[in-house]
Amino acid sequence: QVQLRESGGGSVQAGGSLRLSCAASGRTFSTYVMGWFRQAPGKEREFVGVISRSGGSTVYGDSVKGRFTISRDNAKNTLYLQMNGLKSEDTAVYYCGADAEGSLPATAPAYDYWGQGTQVTVSS
């Protein structure tokens, strides 16, 4: 089992940047594929991106390609999401998830563990 905690959310103007972190504790972090999702009010949880166990492979959702970058530091048990060129439509609660299976899933039900989320608000 792994426990996840997101941080780094906040309010920013359109065009700005934020870096989210997801700190993991418990079972070895490097054994999990890690993903980022987001959920705006009244909407379903949306895939942002996913990173392999080693960090060598990433997949992004179409709405964030070229603007967001996922990375991980297995020595620090931490996942990151660098968000540049933020837009008002990026406003949401951002969640990190851990998947024990080893694939690179883009759907929320595939993930076994979730953090509590961190709010990102982008004003235009």
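The values are calculated or read from the model by the stated rules, or taken from the named source; none is laboratory data. In this text, all values refer to a predicted model and were calculated from it rather than measured experimentally. Because the Cβ atoms are built from the backbone with ideal geometry, glycine has one as well, and the counts that use them run over all protein chains shown. Accessible surface is based on the protein model in full, side chains and every heavy atom, while ligands, DNA and RNA are left aside. Shrake-Rupley method; radii C 1.70, N 1.55, O 1.52, S 1.80 Å.
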Find the accessible area per residue for the range 53-124; the probe is 1.4 Å, ligands and nucleic acids are left out, and the unit is Å². 49 Å²
When the accessible area of the chain is computed with all protein chains present and a 1.4 Å probe, what percentage of it is carbon and sulfur? 45 percent
Simple Cβ-charge dipole of the chain, Lys/Arg +1 and Asp/Glu -1, about Cα centre, in debye nearest 20: 260 debye
Relative to the present Cα-Cα distance, how much length would full extension add between Q39 and A110 at 0.36 nm per residue of separation? 23.9 nm
Between the residues T58, S103, S30, the Cα farthest towards the positive end of the dipole of the range 1-106, that dipole coming from +1 and -1 charges on the beta-carbon of Lys, Arg, Asp and Glu, is from S30
DSSP loop trypsin sites (Lys or Arg not before Pro) with at most 10 other Cβ within 10 Å excluded, longest remaining stretch of the chain: 66-124
Percent relative contact order of the chain, based on C-alpha pairs within less than 8 angstrom and at least six residues apart? 36 percent
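How long is the gain from S54 to S103 if the chain were fully straight, where each residue apart is worth 0.36 nm and the alpha carbon distance is subtracted? Walk me through the numbers on the way to the answer.
Details: separation 49, 0.36 × 49 = 17.64 nm, distance 1.21 nm.
Fully extending the segment from S54 to S103 adds 16.4 nm.
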Per-pair calculated FRET efficiency, R0 = 30 Å: R27 and S63 via Cβ, rounded to 0.05: 0.45
